[in-house]
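The values are calculated or read from the model by the stated rules, or taken from the named source; none is laboratory data. Only a predicted model underlies this, so the values are computations on that prediction, with no experimental measurement involved. Heads up, the Cβs are rebuilt from the backbone with ideal geometry, glycines too, and the neighbour counts pull from every protein chain shown.
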Amino acid sequence: MASVILLEEAGILKVSYEAEEGLQIHEWFDYNPEDRDPLILQLLERIYELLLEYPVEKVLVKTDNVRGAFSPRVQVFIRDVQFPRLVADTHIRFVATVKSTVFLERIGTEVWRSQLKKHAPLVTHDVGSEAEARQWLQLVASPSGQDG
């Protein structure tokens, strides 16, 4: 599986695209680097743009190595701006999140989950590994596995 790096902010985020899988991978390393909300907001904006440029139904979000938690300002942006436009403007249907084990790191995942549950066209699933996430994404995106 050939992966193309679409965005990389060292120590914070890497976004990759696998055309043959129809998959974007968003790997977070730090949710709140030195209280740099403007940078995180710029990265979220770029993620949105990349989902328009490289439309996919499946997104794999890796948070198992992340540090920190999104600030309240970033959480509000995700809830009020990012998710509504992702739902309205992109083709995303399935999001698999590889979860971290530290409670504070789960705050960002909870923001995604609570917003996604409000929109029936999106299905989200938390897993313990990238392999499990890929397996689930393949299953739900297949014609016989559409029920999730």
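Is it fair to say E34 is acidic (D, E), surrounded by 18 or more Cβ atoms within 10 Å (Cβ to Cβ) and either within 23 Å of W136 (Cα to Cα) or modelled with pLDDT under 95 (or both)? Before you say what the answer is, go through the steps one by one.
Working: acidic (D, E): yes; surrounded by 18 or more Cβ atoms within 10 Å (Cβ to Cβ): no; either within 23 Å of W136 (Cα to Cα) or modelled with pLDDT under 95 (or both): yes.
So E34 fails the test.
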- Note on the structure: Matching residues in the stretch 1-10 (in contact with a strand residue (DSSP E or B) (Cβ under 6 Å, 6 or more places away or on another chain) and modelled with pLDDT under 95) number 2
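Right, P38: assigned to a loop (DSSP other than H, G, I, E, B) and more than 20 Å from A131 (Cβ to Cβ) or not? Reasoning before the result, please.
Working: assigned to a loop (DSSP other than H, G, I, E, B): no; more than 20 Å from A131 (Cβ to Cβ): yes.
It is false that P38 is assigned to a loop (DSSP other than H, G, I, E, B) and more than 20 Å from A131 (Cβ to Cβ).
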